[in-house]
Structure formats: C-alpha cells, structure tokens
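Peer 1: Dumping the structure here so I can ask a few things about it.
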Amino acid sequence: YGGQGFITEHLSNLTSDVPFEIIENQSHFLELLSITNDRIESGSKLYFPNDIRIDLSGKFGIVIEENVTMLGSRGIDGKIGTVFHTKNYSSPENYVKQKPLFLVTGNNVTISSLVFEGPSPIGDLGDFGWKEGRYGIEVNHASNALESNIEISNNEFYGFGHAGISIEKTFTPKILKIMAEQDSRALIAKIGPQVLLMTSLSASMSLVSYL
C-alpha cells in the first residue's frame, strides 16, 4: 500500500478548484503555525513535496480544523516524505493537553503520505506513564459532531510511547482508513465501532492497545 500508484490518486487533487499551499521547508510551516496560533485552519490544503524534517519540539496538540488536507510525497520515486518530529515528552501537570502532536477536531480531514516521529527511542515500548504516553495524531471531535470523514493513509509513525494514532471521540464516522508503518506501543488506541480499518503493520507491532 502506498508508493507511486497510491499517491497518484491524491496528487490529482492538486489541480482541484481550491489550490494547495506548497510547503517547501521547515521555516514556511513554522511561519504558518505562528500566524494561526498553532492551528491548521478550516479549508487549508497543504502539500509537502520534499524530503525535509520539521522540528515541532515545544509544540503540543497542533489543532487540525475541518475540511483540511495535509498531503506529502512519501512513496513518490522512493521518497521518504516530510518528517514531523518532536523531542519533547508530555509533562505530568499538562498530560492530557500534551499527549498528541497533532489534534484533529474537525470533520472531512485527510492526512496522507507523511512521517511522524515521536521522542521515544526506537525500540522503547514505553510504560504508559505521563512521560511515554504521547500520540502522533489524536482524533477528538466536539460533542456535537454528527459524523466523521477522516482518512489517515500511507503514513509512517514511530517513537510514540503510547500510540501512533488515538481515536478519542467520534460520532458515527463514515470511514477511517489507516495505512501505516510504525514503531510505537500500538498503531491505534481507543478505537471504537463503525470504523473501517485498512492496516499494514510489522509483525512485532500490536494494532490496538485497548478498546
């Protein structure tokens, strides 16, 4: 799953009516976050074409609002893709807010062909305490959300002591497609009913940490 054949489908969206903003380097993305107060605002369409590393150390819970697409180049002509990474663990006094690197609060969100690197050393399974318990992406909709249409596909997760992805709260989701390689305690935590999973895991990794 992934690679040239998969990414071509998403690249066709680059010619849609709403143009993508091309994120060429770390400075560009950090400038965008500084303007929006660490939010990816509703309607944003961001394309990350290069093999770059974006250091998000010191940032927690970057909010992804509704109708957002974040598309990378992982798999195109052997590209690694853009890597979002953090060196920070959560702190015990702010554990709930600091668990996720990205926090999806809106519907109709696509996150595809990117890499998410957490602070835990590779091979460290974590202890589920406040220090290790970080997520790459948390999906946590407002209580009035009637449906979810979230696609998290062709991404790579590693270094998150708790889980690459956490499904905290969704309401009658349409579809959630997850295709990922990861090195975390689990790929997905807190997954519920009415969620369609298409998964690709290494043999040593568990899919769900708890239901």
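Peer 1: Using the Karplus curve 6.51 cos²θ - 1.76 cosθ + 1.60 with θ = phi - 60°, what ³J(HN,Hα) values do you get for each residue of the stretch 85-102, in whole Hz, with x for Gly and Pro?
Peer 2: 9, 9, 9, 9, 8, 6, 9, x, 7, 10, 4, 4, 6, 9, 4, x, 7, 10
Peer 1: May I ask for log10 I(q)/I(0) of the stretch 16-78 at q = 0.21, 0.30 Å⁻¹, from a Debye sum over the Cα atoms as equal point scatterers with solvent left out?
Peer 2: Debye intensities relative to I(0), on a log10 scale: -0.93, -1.46.
Peer 1: Can you give the net charge of the other residues whose Cβ lies under 12 Å from the Cβ of Phe29, counting K and R as +1 and D and E as -1?
Peer 2: -3
Peer 1: Ok, one more. For the pair Glu66/Glu93, report the inter-label distance in nm, with labels modelled 7 Å from Cα in the Cβ direction.
Peer 2: Modelled inter-label distance: 3.6 nm.
Peer 1: In the neighborhood of Asn67, defined by Cβ-to-Cβ distances under 10 Å, what is the net charge if each Lys or Arg adds +1 and each Asp or Glu adds -1?
Peer 2: So the environment of Asn67 carries a net charge of -2.
Peer 1: Continuing with the same structure: With a ≥ b ≥ c taken as the square roots of the eigenvalues of the C-alpha gyration tensor of the stretch 43-110, please select rounded if a/c is under 1.5 and otherwise prolate if a/b is larger than b/c or oblate if it is not?
Peer 2: Oblate, since a/c reaches 1.5 and b/c is not below a/b.
Coordinate-derived values only; no laboratory data. If you're wondering where the values come from, they're calculated on a predicted model, not measured in any experiment. Neighbour counts run over all protein chains shown; Cβ positions are idealised from the backbone, glycine included.
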